[in-house]
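The values are calculated or read from the model by the stated rules, or taken from the named source; none is laboratory data. No experiment lies behind these values; they were computed from the predicted model shown. Cβ sites come from the backbone with ideal geometry, for glycine too, and all protein chains shown count toward neighbours. The protein model used for the area step is the full one, side chains on, heavy atoms only, and it has no ligands, DNA or RNA in it. Shrake-Rupley method; radii C 1.70, N 1.55, O 1.52, S 1.80 Å.
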Amino acid sequence: MSTATRDYSSRKAKVTELAIFGGTPAIDKTLHVGQPNIGNRQQFSERVADILERRWLTNDGTYVKQFEKQIAELAGVAHCVAMCNATIGLEIAIRASGLSGEVIVPSFTFIATAHALQWQNITPVFCDIDPQTHCLDIKRVEEAITPRTTGIIGVHLWGRPCDIDGLSEIAARHGLKLLFDAAHAFGCSYKGRAIGSFGDAEIFSFHATKFINSLEGGAVVTNDAALAQQMRLMRNFGFTTYDQIDSLGTNGKLNEISAAMGLTNLESMPEIIAANQQHYDQYHTELTNLAGVSFVRYDETESSNFQYVVLEIDAAKTGVTRDQLMQVLHAENVLARRYFYPGCHRMAPYPQLYPNAQRSLSQTEQVAARVLTLPTGQAVTADMVSGVCAIIRTVLNNAPEVCQRLQERSPA
């Protein structure tokens, strides 16, 4: 059935109507967190045709240069170095910045933040978060510094900036490099200034799941000309001229078709953000009075991309756990996600490498057990949001019965 004819907002008032207990799924198509936004298809097709006509598919082509220029302008920085993905961008930024020894990072982040360090034999020192912001707790950062510490990587989780001023002061006082994983934060601001211009460099992601995507892609932005030049060399094997290599490098280049997709989606950026904000506001309105459900809120005085709808589920008040609610939603074709469970410190290889890390990560473990993200973006309609909210209300309003039925379904 097409989305144009089906009413996804229809209510499931009874527990027996839930799909996990035999009912028909509320949504007849799978709703993902981070389902790709697609800009003007005709414009993208024209750009791809031009690329094929030029026969210049990679290696700093016209579209990559245009993409870098626009990203730099939007981020308010002098330099943008486009990358094939944000993970490679982070690895190159780490190496170009001269990081070594130990680097302080949150555990409550996507695994790539930690892997980018460990991959280069740099120890990620997992630091606890502020439970209100889900970002690094600067008091804990200060405590984690040792003689081997060379840098800090802050993560702007959900697009909400971490305590940039606090981290900048600590880094300056201890002579540390400061990078920001801004994978979630393109189009966001801190004290009225665009994310991208803080620290030694910031790293954006333009992966398919991000609100602005280039199919796969990323970028490192900075105001440090020497650092930008070093990263440009590193992303292209260390080539300084047509056949001259002067330093170690890898292949981190963004291709032209990905850049064309990025440019096309940038043209739709206001509409995409508007759709995200509309869905966020609707979720908040329809779920705001449910006991035990709290929202990650965005600062209305700052710019935001609203690309994540994040709930915290307090099982003591809701009567169901986050995982039980997620199980019910999945049966309804709503693939809510428990980002970033269980924390990097509990993912391989880190429990073996740093078996005592969890001792200093109490807030990380509590937040990781509560967070649930819901589908949003241009592929989601207002009716779909209403349908998702109806499922959540039915589960929470009938928590004892839902829990009992879920227990009965569990293998003995």
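Quick notes on this structure:
- Computed accessible area, Glu401, all protein chains, 1.4 angstrom probe, square angstrom: 70
- Volume per residue of the convex hull around the Cα atoms, evaluated for segment 57-179, comes out as 120 Å³.
- Exposure of Ile138 as accessible area (Å², to 10), given a probe of 1.4 Å and all protein chains: 50
- Accessible surface for the chain, divided over its residues, is 43 Å² per residue with a 1.4 Å probe.
- Residue (of Gln42, Met234, Thr123) at the positive-pole extreme of the chain, dipole from beta-carbon charges: Thr123
- Under 5 Å from the amide H of Lys210 lies no amide H of any residue 5 or more positions distant or on a separate chain, with H modelled from the backbone and absent for Pro and chain starts.
- Listed pairs Lys29/Lys253; Lys139/Lys177; Lys139/Lys253; Lys210/Lys253 exceeding 27 Å between Cα atoms: Lys29/Lys253; Lys139/Lys253
- For the chain, projected area of the alpha-carbon convex hull averaged over all directions, nm²: 21.9
- A 1.4 Å probe over all protein chains sorts Tyr283, Tyr354, Tyr298 by accessible area into Tyr354, Tyr298, Tyr283, starting with the largest.
- Column: log10 I(q)/I(0), Debye, Cα scatterers of segment 155-261, q = 0.17 Å⁻¹: -0.90
- Solvent-accessible surface (1.4 angstrom probe) belonging to Ser247, in square angstrom, nearest 10: 40
- Cα convex hull, segment 22-76: 161 Å³ per residue, rounded to a whole number.
- Computed over segment 1-138, the convex hull of the alpha-carbon atoms projects to a mean area of 15.2 nm².
- Carbon + sulfur, % of accessible area of the chain - ligands and nucleic acids excluded, 1.4 Å: 50
- The chain: relative contact order in percent, alpha carbon pairs under 8 Å with at least 6 residues between: 24
- Accessible-area ranking of Trp56, Trp119, largest first, probe 1.4 Å: Trp119, Trp56
- Two-decimal log10 I(q)/I(0) for segment 302-395, as the Debye equation yields it once each C-alpha is a single scatterer, q = 0.17, 0.19, 0.22 Å⁻¹: -0.84, -0.96, -1.12
- Both radii come from the Cα set of segment 224-359: Rg as radius of gyration, Rh as Kirkwood radius; their ratio Rg/Rh reads 1.12.
- In this Cβ point-charge picture (+1 for Lys and Arg, -1 for Asp and Glu), the chain has a dipole of about 680 debye about its Cα centre.
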